[in-house]
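All remarks here apply to the structure that follows.
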Amino acid sequence: MESIKLKLIYPEDKIKEPILSRVCKNFDVEINIRKANVTENIGWLELELTGNEDQIEQAIKFMEAQGIEVSPLEGQVFLE
């Protein structure tokens, strides 16, 4: 299993959508939200995403396709 810390920035039109729920169900990854700030106009989250490498890559691509800006929080990948 691998873990990566990410920062997600949601555009206004995606804030109310259950995207992280879909990510967990569709890509069999675990999400641990570390910090978050959501307003009516923008939302950002700092989280840890855990799964196998392929699942993580697919989950990130899916989130980006939804218009979410995804970037490594610390530039580190943690192996368990």
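Taking the condition hydrophobic (A, V, I, L, M, F, W, C) and within 10 Å of the chain's Cα centre (by Cα), does LEU6 pass?
For LEU6, the condition - hydrophobic (A, V, I, L, M, F, W, C) and within 10 Å of the chain's Cα centre (by Cα) - is met.
Table: residues versus (1) among the aromatic types (Phe, Trp, Tyr); (2) more than 12 Å from the chain's Cα centre (by Cα).
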| site | (1), (2) |
| --- | --- |
| GLU2 | no, yes |
| LYS14 | no, yes |
| ILE19 | no, no |
| PHE27 | yes, no |
| VAL38 | no, yes |
| ILE42 | no, yes |
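No lab work stands behind these numbers, since they all come straight from the coordinates. Note that this is a predicted model, so its numbers are computed, not measured.
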